[in-house]
Amino acid sequence: MPSEAVGRRPEGWGQAGVASANGRPTGAPAIDGLAAGRVLHPGSAAQVADALADAVSQGLAVAPLGGGTALALGNVPDRLDLALSTAALGDVIAYEPGDLVLSVGAGARLADVQALLAEHGQELPFEAPRGDRATIGGLVATAIAGPRRLANGTLRDLLIGIAVAHPSGTVTRAGGMVVKNVTGFDLPRLYHGSLGTLGVIVSANFKVVPAPRHEATVLAVTPDLAAALAAAKSVGGLASRPGALEVMLDGEGWTVAARFFGRPGTVDSAVAAAKGVLGEGTRRLEGAASTAWWRRYVDGQAIEVGPDEVMVRAAVRPRDSGSLAEAILGVIGEHGVTSRAVSVSPGLGTVVARLGFPQAPDGAPALRRVQRALLGVADHVTILAAPPAWKAGLDVWGEPPATLDVMRALKSQFDPERTLNRGRFAGHI
Amino acid sequence: MDQTTLVARLEAVVGPTGVFHRPADLLVYEYDGSVDGAVDTARPAAVVLPTSAEQVAAVVRIANEAELPVVARGAGTGLSGGAVAQRGGIIVSLSRMDRILDVDRDDRTALVEPGVINLELSEHTLPGGHFFAPDPSSQKACTIGGNVAENAGGPHCLKYGVTTNHVLGLEVVLPDGRIVWLGGRAAHTPGYDLTAALVGSEGMLGIVTKALVRLTPAPEATLVLLAAFGDIDGASQAVSSVIAAGVLPAALEMMDALTIQAVEPAYHAGYPLDAGAVLLIELDGATDEVRETGEEVAALCAAAGATAVRAATAKAERDLLWKGRKMALAAMGRLAPNYYLHDTVVPRSKLPITLRRVGEVAREFDIPIANVFHAGDGNLHPLMLFDRRERGAVERVLAASNELLHFCVSPEIGGALSGEHGIGTEKRDHITLVYTADDLAAMAGVKNAFDPRLTFNPEKLFPKGYMCGEVRALRAQALAQKHGIYAF
């Protein structure tokens, strides 16, 4: 099969277009209120490496910048002088539909990548908020993933190779363009979720999959959380396993949403089975309507907040999802905050909540108390976004693990001067 | 520390039955699963068989005091020398830590000790409707700990992914003797994904003492298709057609004429003896989906020139078709006393040209080569057949293998050095074919962060003479000269 689109930059791809959180183009972006003095748009991996080496020699602190859709994630930077944008690194480097592999520049936008794959009936079985702006490099660095994680994992599971520019001025590669590879340490997966603190991802290779032929979603509204979780558990246990299964606070009640993929006949029988479990009053969304519903839902989990708002994510073992959700509702009640959105992923053991803080503008003490309370009911708690002044002094990643010293050693091997995203990652690495 | 003191110290931790130190007892530990001569052998000072993480940690601390290397070992089925104590020292055999500690059907996880045999975990969980998806060919003997160390694969990785996709957390003894957990039952552990670093690290970063692995629900229906072709090209064409049609089989395996001739008389799996190649295509999922997809795949095979297509749904029938594939290595004994199993991966579209090159190499080096491999993901396993008693045979096989390796990783093919066997000592000097000095420096950085004294499994993965500790990993080099070359 001929190689497709190699070196091609489809219309509108990866052109300079750094956008701020509100979507307006901007020159130098700010992270938690700290403005980067300058933003560079290097056009090659070598240029990213050179820019990093320069930054080291000048003692500058650097933040890598993709689509700017997750700038609120992480601790308040210790310092920020320079943003390194991947906007000019958005090319398709290689796409072999017959091999089910793809290599793209870090600045490629998720929606553009999916559109290219769709031309060949393929996809990354993955979604993320603001896919029209979120970049591949940013998504790998932040480990953001949507509800399809239930059946398909995250980009971690799809990564087969990576190229990274380091503060030493070098560009290194690991993995390759084949779907199985145990040549050397598995660096691609180590970079996944490292928040750009070990290097700037300049390109990434993925295995892709045939796009499902059809999809449908069943929505059921229940009066309370317990009923919703029980219903979700039954759906999750069906032989026709859902590709995504979420429980969300929706106005007065709780909605269970189950998404099914496959051949039309398979989807039909899965939906029928789900309806059988969920009872009367379910709604079925077919094909494009189902896709659109999930896009809206995922976009609702964009990592950004208003001036009186905090977004948190808590995780426990999946079987304890129900008690976690109940406990979080308890914490919300006790600390005088309001729940604006709550999403439970029962198969994953995570809850994402958008909380309103009436204590604003001075929400810092309340956030501190809420974080402590949440850490008491969950294994891991991440404050995904909060007003910068409230985050100051907190580690938004919660309690660092016992291996923090190994993590610090890794950081000092890759970025001894702490040039990259200084202070933003777990343990203020 | 002298040998007597060392043995006494180790026995104090694991008891006298947990330490081997006499030459005769150490002999088997000088080898792994590879054929004599393929990887270097070496004798450890002692082999220790701990029964708990605390014992492993105590052994590591003794080794540190004695300034001895530590090499973890599972069942010793590896083929790249990973479990051989190249520089002597202490082998920590995890074979006595073989308990399945917990199976959680709700969370779909199993917590196991590293010495649990791969197949036993699936056999243990299957009655409840789950299995452990990675299924290396050695699954009747190999251990989960070894699977984690090598990031093992297997036929069903095509659909289900390799070991790293199924590991949620690890209890690990670090080179400083601490016991820590990486990852765990809950998602989103803060900080770097150290679990990811550990899987596939060939025992160089930590010793796994517990693994929390994902269990996969058994599919509602499974169908195995056997498709016979006149030649390998036809079979390769069918592989491409299946993938292009948007079908992702659970497994897609190819066997060539030589393999069929070894396997069929021995196991009567039902492979046509006159076929040039057969494909085993397994489909699984919902019953209707599997039936419809099966019909589609059968038609695609026919269109690609299949001379016969047979479908098996009943378990006994499926198992028989698979038996030929799984016993292929054993059956090679009918053709030659020894075989060397080669492991590389090429992009699927490069299979036909690569297989033609395999044929040429067989003729050039006068070595019969049987092909039995994971066609769906391009993971080749040419089996080079020889008799090692014949003078120069091993050298000839290694030279042929070297030739193939160079071909597979050449820029026009773009393959990988190893798909599932690991680098170990076998391919350490080849790693520079695919990675630059800078690439290796990044890997050395990981090694230095976990194991600054370089005591865990030395002489593996990095080329001979490579000094991890002296790589000032990714330190700033040419900083000053580069200005003004990028656009603002």
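Here are the numbers:
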{"read-out": "For peptides B:224-232, B:62-70, A:187-195, sequence by mean Cβ density within 10 Å, most packed first", "value": "A:187-195, B:224-232, B:62-70"}
{"read-out": "Tensor-based shape of the range B:336-409 (alpha-carbon gyration tensor, a/c under 1.5 rounded, otherwise prolate or oblate)", "value": "prolate"}
{"read-out": "Whole-Å distance, taken between Cα centres, linking the range A:117-157 and the range A:356-429", "value": "25 Å"}
{"read-out": "Relative contact order (%) - criterion: Cα under 8 Å, at least six apart; region: the range A:30-210", "value": "25 percent"}
{"read-out": "Fraction of beta bridges assigned by DSSP in the range A:30-210 that are antiparallel (%, nearest 5)", "value": "80 percent"}
{"read-out": "1.4 Å probe, heavy atoms, protein only - residues of the range B:322-349 losing at least 50 Å² accessible area vs chain alone", "value": "B:ARG348"}
{"read-out": "Helix-derived mean residue ellipticity, 222 nm - over chain A, DSSP H n ≥ 4, -39500 (n - 2.57), to 500", "value": "-8500 deg cm²/dmol"}
{"read-out": "Chain B: angle of helix B:257-267 to the longest principal axis, Cα-based, in degrees nearest 10", "value": "80 degrees"}
{"read-out": "Where trypsin sites (Lys or Arg not before Pro) fall in DSSP loop in the range B:418-469, at most 13 other Cβ within 10 Å", "value": "B:ARG453, B:LYS464"}
{"read-out": "For residues of B:167-174, the mean tally of beta carbons on other chains within 10 Å", "value": "1"}
{"read-out": "Protection proxy ranking of B:199-206, A:260-267 - average other beta-carbon atoms within 10 Å, highest first", "value": "B:199-206, A:260-267"}
{"read-out": "Length-normalised contact order for chain A - Cα pairs under 8 Å, 6+ apart - percent", "value": "17 percent"}
{"read-out": "Top positive-direction residue, dipole computed over the range A:96-226 with Cβ charges, set A:VAL171, A:VAL218, A:THR154", "value": "A:VAL171"}
{"read-out": "Mean ellipticity per residue at 222 nm, deg cm²/dmol - from DSSP H runs of n ≥ 4 across chain B, formula -39500 (n - 2.57)", "value": "-9500 deg cm²/dmol"}
{"read-out": "Peptide-level mean, for B:284-290, of C-beta atoms on other protein chains within 10 Å", "value": "6"}
{"read-out": "Entries in B:LYS350/B:LYS447; B:LYS350/B:LYS460; B:LYS326/B:LYS350; B:LYS210/B:LYS447 that, when Cα-Cα distance is taken, lie over 32 Å", "value": "B:LYS350/B:LYS447"}
{"read-out": "Most fluctuating residue given options A:ASN181, A:ASN75, A:ASN205, as computed from a GNM of chain A linking Cα atoms under 10 Å", "value": "A:ASN181"}
{"read-out": "Label-to-label distance, nm, for residues given as A:LEU375 and B:ARG356 (7 Å Cα→Cβ offset)", "value": "6.3 nm"}
{"read-out": "Taking N as its residue count, the alpha carbon Rg of the protein assembly as shown over 2.2 N^0.38 Å", "value": "0.92"}
{"read-out": "Values of log10 I(q)/I(0), in the order q = 0.15, 0.21, 0.22 Å⁻¹, for the range B:380-479 under a Debye, Cα-only, solvent-free model", "value": "-0.74, -1.12, -1.17"}
{"read-out": "Average other protein chain Cβ within 10 Å of Cβ, residues A:196-203", "value": "1"}
{"read-out": "The range A:208-337 shape via C-alpha gyration tensor axes, a/c threshold 1.5", "value": "prolate"}
{"read-out": "Residues in the range A:46-64 that, when all protein chains are in place, have 50 Å² or more less accessible area than the chain alone would give (probe 1.4 Å)", "value": "A:GLN47, A:ASP50, A:ASP54"}
{"read-out": "13 Å beta-carbon shell around B:ALA24, net charge (K/R +1, D/E -1)", "value": "0"}
{"read-out": "Accessible surface buried upon A-B contact (total; probe 1.4 Å; Å², nearest 100)", "value": "7500 Å²"}
{"read-out": "A:VAL396 - accessible surface, heavy atoms, 1.4 Å probe, Å² rounded to 10", "value": "0 Å²"}
{"read-out": "Pairwise Cα inverse-distance average, inverted: Kirkwood Rh of chain A (Å)", "value": "22.3 Å"}
{"read-out": "Percent carbon-and-sulfur accessible area, the range A:214-299, ignoring ligands, DNA and RNA, probe 1.4 Å", "value": "54 percent"}
{"read-out": "Average Cα contact separation per residue, chain B, under 8 Å, 6 or more apart, as relative contact order %", "value": "14 percent"}
{"read-out": "Entries in A:LYS207/B:LYS315; A:LYS180/B:LYS427; B:LYS159/B:LYS427; A:LYS411/B:LYS427; A:LYS180/A:LYS207 that, when Cα-Cα distance is taken, lie over 20 Å", "value": "A:LYS207/B:LYS315; B:LYS159/B:LYS427; A:LYS411/B:LYS427"}
{"read-out": "For the range B:1-154, share of DSSP beta bridges that run antiparallel, in % to the nearest 5", "value": "45 percent"}
{"read-out": "Rounded Å value of the spacing that divides the Cα centres of the range A:259-289 and the range B:340-368", "value": "47 Å"}
{"read-out": "Tensor-based shape of the range B:132-194 (alpha-carbon gyration tensor, a/c under 1.5 rounded, otherwise prolate or oblate)", "value": "oblate"}
{"read-out": "Area of B:ARG96 that stays accessible when all protein chains are in place (1.4 Å probe, Å², to 10)", "value": "100 Å²"}
{"read-out": "Gaussian network model of chain A, springs between alpha carbon atoms under 10 Å - residue of A:PRO387, A:PRO361, A:PRO167 with greatest fluctuation", "value": "A:PRO361"}
{"read-out": "For the range A:383-427, projected area of the alpha-carbon convex hull averaged over all directions, nm²", "value": "3.5 nm²"}
{"read-out": "Chain B - percent of accessible surface contributed by carbon and sulfur, probe 1.4 Å", "value": "52 percent"}
{"read-out": "Residues of type aspartates and glutamates that A:LYS233 reaches as a straight line, Cα spacing below 14 Å, ignoring anything fewer than 8 places off in the same chain", "value": "A:GLU246, A:ASP320, B:ASP106, B:ASP107"}
{"read-out": "Solvent exposure of the protein assembly as shown as accessible area per residue, Å², 1.4 Å probe", "value": "34 Å²"}
{"read-out": "Distance histogram for chain B (every C-alpha pair counted, 10 angstrom bins, percent rounded to whole numbers)", "value": "4, 19, 28, 26, 17, 6, 1, 0"}
{"read-out": "Cα-based Rg and Dmax for the range B:3-93, where Dmax is the largest Cα-Cα distance (Å)", "value": "12.5, 36"}
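The values are calculated or read from the model by the stated rules, or taken from the named source; none is laboratory data. Only a predicted model underlies this, so the values are computations on that prediction, with no experimental measurement involved. Every residue, glycine as well, gets a Cβ built from its backbone with ideal geometry; the counts of neighbours run over all protein chains shown. All accessible areas refer to the heavy atoms of the entire protein, side chains included, with ligands and DNA or RNA removed. Shrake-Rupley method; radii C 1.70, N 1.55, O 1.52, S 1.80 Å.
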